[in-house]
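A short worksheet on the structure shown next.
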Amino acid sequence: MTDEKKTESIEREPEDLNVLMLRRREELEQLMKLGINPYPYEFARDAFSVQIIEQFHDDAPQRTVAIAGRIMSIRRMGKASFCHIQDSQGRIQAYLKRDDLGTVYDAFKLMDIGDIVGLKGFVFRTKMGEVSIHASELILLSKSLRPLPIAKEKIDEQGNKTVYDPFSDKELRYRQRYLDLAVNQNVRQVFVQRAKMISALRRFLDERGYLEVETPVLQPIYGGASARPFITHHNALDVKLYMRIADELYLKRLIVGGYDGVYEISKDFRNEGMDRTHNPEFTMMELYVAYKDYRWMMNLVEELVSTVAMAINGTMTVKLGDHEINFTPPWKRITMFDAIKEKTGKELRGKTEVELRTISKELHIEVDPKIGAGGIIDEIFGEKVEPHLIQPTFITDYPLEMSPLAKKHRVEPGLVERFEAIVNGKELCNAFSELNDPLDQRSRFEEQMRLLDRGDEEAQVLDEDFLRALEYGMPPTTGLGIGIDRLTMLLTNQDSIRDVIFFPQMKSEGR
């Protein structure tokens with residue numbers, strides 16, 4: 001088996017791929033004829049690649065290890081061979097000799113890049129200076145029947161690495177994430193960082209005494225955000241149900257029930273378009289704390305995000321494309337109207353819907369005739385302001401029409417106590433002083449229903465049970481929602497939400 005057959009490229013024609021797959025099946029049959037089980041049940045490993053390399057010292061006693069992983073390269077030299085084994089931590093070289101392995105070495109000729117093996121042996125340093133494992137035992141753990149898209153690498157005399165034919169087809173990577181993870185170690189690391197980020201966030205909230213809870217995914221009435229829901233049907237009850245678009249209304253019911261602080265890290269679903277920052281299934285963290293307001297929550301958000309950034313990156317400064325983002329508190333704070341005026345020169349305070357439509361035309365912004373004044377202001381902000389907010393910025397004090405669940409501003413008529421944190425031109429989180437006046441809340445819901453009747457499919461619906469809960473009394477409360485996927489994008493320098501979701505939504509293959 002030649003080295004050329006091992007460096008298989010993702011660019012090959014389908015008929016060539018079929019030939020390679022056929023050859024691997026033939027190898028499988030030959031291995032079985034040799035009495036080798038290509039899919040055994042277990043392997044007792046006791047070490048990992050990176051750990052072995054980091055702990056090795058030339059003057060230390062000889063150490064015997066057992067590792068398991070995927071073969072990622074093979075270099076055959078007659079009675080001896082080198083290969084690289086990749087496990088969950090990284091890669092390590094293995095040295096195999098026929099004199100040590102006997103007939104198993106002959107079976108190794110039937111193994112390929114992508115096969116998963118177990119290997120036992122002692123650790124040593126080669127003449128080239130690479131920490132390696134001298135194998136005394138080799139066990140096939142899983143025969144790979146499809147060739148991996150292995151990139152070829154060349155290192156010059158100065159140590160510079162050039163990679164040829166990397167597995168970089170984005171659509172194929174997203175569809176076959178298992179393959180992406182198998183061959184792109186940097187992709188695996190992004191998801192390790194995501195997991196560490198969520199752990200750090202949960203630890204931050206737990207240490208402050210907030211209770212992690214779970215609320216329904218399937219709901220008889222959707223609410224808590226302005227979005228279109230996914231609809232399903234429960235056969236046994238013969239009722240229509242909605243997949244949640246937010247956790248807000250159920251979490252506030254728990255505040256009514258007497259909890260001082262609750263949070264949930266959950267999957268939410270919105271039946272909307274997809275782009276580099278939107279996926280129909282996404283992860284949110286929502287937090288509600290009694291007896292606090294949105295000003296207190298701004299301080300908490302600064303502390304939370306900067307703490308999480310330090311936990312996974314060791315710094316509050318991250319590189320995002322051409323920008324360097326600094327999460328060190330305090331962050332800039334500016335009202336929505338002031339931010340719009342600063343960027344456009346237009347004063348939107350107190351303007352009617354007709355006046356706002358005129359201003360939007362002057363700014364060359366097309367707005368849907370179905371949306372109201374709040375939607376027009378949101379469109380102007382999204383087009384002219386949001387993309388230019390690179391460093392962490394709190395946009396505060398939104399128009400009443402845009403925020404049916406937020407409390408009226410204590411000083412400014414027509415506004416609510418709400419903020420969004422904008423980073424790198426995109427919303428990271430949304431927070432309110434929560435509306436706890438049941439009569440005002442009913443009036444806001446009724447206005448939303450009028451917008452729904454006008455054709456605004458993202459307007460919110462009236463939830464009688466939630467109103468009943470408020471009528472029993474909810475203390476002053478502040479609430480927060482943070483997009484976990486977007487926070488991951490920011491802290492791992494990823495440009496697309498699909499790069500931080502294991503299995504993003506895709507069109508069906510062939511469509």
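Measure nothing but the geometry: give the 0 to 90° angle between the long axis through the Cα atoms of 294-313 and the longest principal axis through the Cα atoms of the chain, rounded to 10°.
So the inclination is approximately 10 degrees.
Arrange Asp206, Asp100 by Cβ neighbour counts within 10 Å, fewest through most, would you?
Asp206, Asp100
Rank by packing, highest mean first: peptides 356-366, 294-304, with packing defined as the count of other Cβ atoms within 10 Å averaged across residues.
294-304, 356-366
Give the distance, in whole Å, between the Cα centre of the range 274-311 and the Cα centre of the range 17-88.
44 Å
Of the options Gln62, Gly121, Cys83, report the single residue whose Cα projects farthest towards the positive end of the charge dipole of the range 32-130 (beta-carbon charges: Lys, Arg +1; Asp, Glu -1).
Of the options given, the answer is Cys83.
Which of Gln176, Val104, Met336 sits closest to the plus end of the dipole of the chain, meaning its Cα is farthest towards the positive end, when Lys and Arg get +1 and Asp and Glu get -1 on the C-beta?
Val104
Enumerate the aspartates and glutamates that Lys120 could reach by cross-link, defined here as Cα to Cα under 19 Å, with residues fewer than 8 away along the same chain left out.
Once the sequence-local aspartates and glutamates are set aside, what remains near Lys120 is Glu42, Asp46, Glu54, Asp87, Asp99, Asp100, Asp106, Asp112, Glu130, Glu137.
Under unit Cβ charges (Lys, Arg +1; Asp, Glu -1), what dipole magnitude, rounded to 20 debye, does the range 328-384 have relative to its Cα centre?
Dipole about the Cα centre, nearest 20: 220 debye.
Averaging sequence separations of C-alpha pairs under 8 Å and six or more residues apart, then dividing by the length of the chain, give the relative contact order as a whole percent.
Relative contact order here is 12 percent.
What value, in deg cm²/dmol to 500, does the helix sum -39500 (n - 2.57) over DSSP H runs of n ≥ 4 give at 222 nm once divided by the residues of the chain?
So the helix-based figure for the chain works out to -10000 deg cm²/dmol.
Using all Cα-Cα distances in the range 222-295, what percent lands in each 10 angstrom bin from 0 up to the longest?
Percent of pairs per bin, in order: 17, 40, 31, 11, 1.
How many percent of Cα pairs in the range 387-511 exceed 26 Å?
Pairs farther apart than 26 Å: 39 percent.
Students often get this wrong, so try it: which of [x] 89, 38, 36; [y] 81, 56, 54; [z] 86, 53, 49 is Cα extents along the principal axes in Å as calculated from the structure shown?
Given [x] 89, 38, 36; [y] 81, 56, 54; [z] 86, 53, 49, the calculated one carries the label [z].
Expressed as an acute angle from 0 to 90° and rounded to the nearest 10, what is the orientation of the C-alpha long axis of helix 353-362 relative to the principal long axis of the chain?
50 degrees
Which whole-Hz couplings ³J(HN,Hα) result when phi for each residue of the range 274-287 is put into the Karplus expression 6.51 cos²θ - 1.76 cosθ + 1.60, θ = phi - 60°, listed in order with x for Gly and Pro?
10, 8, 5, 10, 10, 10, x, 10, 8, 10, 10, 10, 10, 10
Shape of the range 451-511 from its Cα gyration tensor (a ≥ b ≥ c, root eigenvalues): rounded if a/c is under 1.5, otherwise prolate when a/b > b/c, or oblate?
Judged from the Cα gyration tensor, the range 451-511 comes out oblate (a/c at least 1.5, b/c at or above a/b).
Which pairs break 29 Å Cα to Cα here: Lys351/Lys407; Lys351/Lys408; Lys33/Lys127; Lys351/Lys426; Lys240/Lys384?
Table pairs above 29 Å Cα-Cα are Lys33/Lys127; Lys240/Lys384.
Tell me, what ³J(HN,Hα) does each residue in the range 478-493 have, in order and in whole Hz, if you take phi through Karplus 6.51 cos²θ - 1.76 cosθ + 1.60 with θ = phi - 60° and put x for Gly and Pro?
Residue by residue, the range 478-493 yields 10, x, 9, x, 10, x, 5, 5, 5, 5, 4, 4, 5, 8, 10, 6 Hz.
With axes computed from alpha carbons, what is the tilt in degrees of helix 373-384 against the longest principal axis of the chain, rounded to the nearest 10 within 0 to 90?
40 degrees
Could you work out the percent of alpha carbon pairs in the range 331-387 separated by over 20 Å, rounded to a whole number?
Considering the range 331-387, 15 percent of its Cα-Cα pairs are separated by more than 20 Å.
Short version: ³J(HN,Hα) in whole Hz for each residue of the range 450-464, in order, from phi by Karplus 6.51 cos²θ - 1.76 cosθ + 1.60 (θ = phi - 60°), x for Gly and Pro, what are they?
5, 5, 4, 5, 6, x, 6, 6, 9, 5, 8, 9, 7, 10, 5
As a footprinting exposure proxy, order His409, His57 by other Cβ within 10 Å, with the fewest listed first.
Listing His409, His57 from fewest to most nearby Cβ atoms yields His57, His409.
Bear in mind these aren't lab numbers, they're just calculated from the coordinates by the rules spelled out. In this text, all values refer to a predicted model and were calculated from it rather than measured experimentally. Glycine gets a Cβ as well: all are built from the backbone with ideal geometry, and neighbour counts include every protein chain shown.
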